[in-house]
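Colleague: Before we start, here is the structure in question, set down as structure tokens.
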Amino acid sequence: MKRDEFFARVYQIVKEIPRGRVATYGQIAFILGRPQCSRRVGQAMHYAPDNAGLPCHRVVNSKGRLVPHWAEQKDLLLREGVVFKNSDCVDLKKHRWQIFEN
């Protein structure tokens, strides 16, 4: 799959992450049928166009860690009711997006 197509598919999934939920890079790669491509998902997020209206703040790493040097990410998640553990990681048990939940 070419880069632009992969990135576009990542952005389609990110648009679907509901308020108050997060998805991991690996989870998005799995949904795309490319579970080995979590770093590529990270690249897509890095290059996400500012004007696309994507909720990029809802994407975290596999431990719930936030993007380094993006202080606004935590504030945005807190405003959506996302809870953090003492380690400053998102509580994935409470807030991981279960794509097939009703």
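The values are calculated or read from the model by the stated rules, or taken from the named source; none is laboratory data. Everything quoted here is computed from the prediction, not taken from an experiment. In this analysis, Cβ positions are derived from the backbone assuming ideal geometry, glycine residues included, and neighbour counts consider all displayed protein chains.
Colleague: Filter the stretch 1-44 for residues that are in contact with a helix residue (DSSP H, G or I) (Cβ under 6 Å, 6 or more places away or on another chain) and either small (Gly, Ala, Ser) or assigned to a helix (DSSP H, G or I) (or both) and give the result.
Modeller: Of the stretch 1-44, the ones in contact with a helix residue (DSSP H, G or I) (Cβ under 6 Å, 6 or more places away or on another chain) are 7, 10, 13, 17, 21-22, 25-26, 28-29, 31-32, 35, 37-38, 41-42, 44.
Matches in the stretch 1-44: Phe7, Val10, Ile13, Tyr25, Gly26, Ile28, Ala29, Ile31, Ser38, Val41, Gly42, Ala44.
Colleague: Which ones in the stretch 56-91 are hydrophobic (A, V, I, L, M, F, W, C) and within 17 Å of Ala29 (Cα to Cα)?
Modeller: Answer for the stretch 56-91, where residues must be hydrophobic (A, V, I, L, M, F, W, C) and within 17 Å of Ala29 (Cα to Cα): Cys56, Val59, Val60.
Colleague: Additional query: Do the conditions hold for Arg40, that is, is it basic (Lys, Arg), surrounded by 15 or more Cβ atoms within 10 Å (Cβ to Cβ), at negative phi and modelled with pLDDT of 95 or more?
Modeller: On the way: basic (Lys, Arg): yes; surrounded by 15 or more Cβ atoms within 10 Å (Cβ to Cβ): yes; at negative phi: yes; modelled with pLDDT of 95 or more: yes.
When the stated conditions are applied, Arg40 passes them.
Colleague: Pairs, please: C-beta under 7 Å, at least 6 apart or cross-chain, first residue within 13 Å of Gln73 (Cβ to Cβ) and in the stretch 84-97, second of a type in the set (Val, Ile, Thr) and outside any loop (DSSP other than H, G, I, E, B)?
Modeller: Phe84/Val90; Val90/Val22; Val90/Val60
Colleague: Okay, next question. Working only within the stretch 49-102, note down all residues that are of a type in the set (A, V, I, L, M, F, W, C), more than 12 Å from the chain's Cα centre (by Cα) and outside any loop (DSSP other than H, G, I, E, B).
Modeller: Step one: filter the stretch 49-102 for residues of a type in the set (A, V, I, L, M, F, W, C), giving 52, 54, 56, 59-60, 66-67, 70-71, 76-78, 82-84, 89-90, 92, 97, 99-100.
Filter again for more than 12 Å from the chain's Cα centre (by Cα), leaving 52, 70-71, 76, 78, 82-84, 89, 99-100.
Once the filter is applied, which keeps residues that are of a type in the set (A, V, I, L, M, F, W, C), more than 12 Å from the chain's Cα centre (by Cα) and outside any loop (DSSP other than H, G, I, E, B), the stretch 49-102 yields Ala52, Ala71, Leu76, Leu78, Phe84.
Colleague: Restricting attention to the stretch 62-102, which residues are surrounded by 13 or more Cβ atoms within 10 Å (Cβ to Cβ), out of contact with any helix residue (DSSP H, G or I) (no Cβ under 8 Å at 6 or more places or on another chain) and basic (Lys, Arg)?
Modeller: Across the stretch 62-102, the qualifying residues are Arg65, Lys74, Lys85, Lys94.
Colleague: Is it the case that Arg19 is modelled with pLDDT of 95 or more, of a type in the set (D, E, K, R) and in contact with a strand residue (DSSP E or B) (Cβ under 6 Å, 6 or more places away or on another chain)?
Modeller: Numbers: modelled with pLDDT of 95 or more: yes; of a type in the set (D, E, K, R): yes; in contact with a strand residue (DSSP E or B) (Cβ under 6 Å, 6 or more places away or on another chain): no.
No: the conditions fail for Arg19.
Colleague: Out of curiosity, is Leu32 touching a His at 6+ places or on another chain (Cβ under 9 Å), under 16 Å from Val14 (Cβ atoms) and surrounded by 13 or more Cβ atoms within 10 Å (Cβ to Cβ)?
Modeller: Taking the combined requirement at face value, the residue does not satisfy it.
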